[in-house]
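The values are calculated or read from the model by the stated rules, or taken from the named source; none is laboratory data. Values in this document were obtained by computation on a predicted structure and should not be read as measured data. FYI the Cβ positions are ideal-geometry reconstructions off the backbone, even for glycines, and counts take in every protein chain you see.
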Amino acid sequence: MLLLRSSRSIFSIARNNKLQLAALPQLARGVVAASTPVGAFAGAARLQQSEKRQEKRFTTRSAQMAAAATETEELPEIQQEEHKQPPHPSTPQQKFRKDYAPPPYLVSNVHLNFDLREDVSTVTSRLHMLPNYGQLAAGAARPALTLDGRKDVKLVSVTVAGKKLEAGEYELTEKTLSLSGLPEGEFEIVIVTELKPQDNTLLEGLYKSSGNYCTQPPG
């Protein structure tokens, strides 16, 4: 009954508005096509095809992401160096008081200046040193001072008691900086280094995480 009423209403509107009779069968066929179950089935079929295409694209994208995740990334140089180190012992190692010795110098004051840049950051450290080696024998040389470093931290300059040292006046390795011939009494050391926090993946020292600069003492 609904279909018949819709068709008659179209013919009635056409007569009232003096439409050409040639257009009336086309309008009637449009109403029938939209009202029959065939139109509904066609819409459902198109929806099903669209869902299958989306599912196929999602499956393809998931496979690509899984393949990318399984690819082996090349570790940064500093992280490769850490992996070369021997593993921690599985059982606790005993430490005795006799294994320790007081350091020959004490640091009474530390001043750090950080110049943070997107590419390379510069750190200037001022250390006020106090002698702690006690009374030396006549003619004995004052002990050397060894400071810890790291391969990814580049040494720019070293100044001891206001005198900038040349390359041959100190000993530098990948992990230590050794200073000898130090002055008597209290003195100041100024060390300038460069590093790239964005490349530090060890999460210690100065590193960059989620766009933020962070510091963490070595564990």
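Just a few scattered comments:
- Within the range 167-182, residues that are at positive phi sit with their Cβ atoms under 8 Å from residues that are among the acidic types (Asp, Glu), at 6+ positions apart or across chains, in these pairs: GLY181/GLU169.
- Sole residue being closer than 26 Å to GLU204 by Cα, within 38 Å of the chain's Cα centre (by Cα) and without any contact (Cβ under 8 Å) to a residue 12 or more places away in the chain, chosen from ASP148, ASP119, ASP115: ASP115
- Answer from SER108, SER125 - the residue that is closer than 22 Å to LYS175 by Cα and either at pLDDT 95 or above or out of contact with any Phe, Trp or Tyr (no Cβ under 7 Å at 6 or more places or on another chain) (or both): SER125
- In the range 190-204, the residues that are modelled with pLDDT under 85 and either buried (at least 16 other Cβ atoms within 10 Å of the Cβ) or not in a loop (DSSP other than H, G, I, E, B) (or both): LEU202
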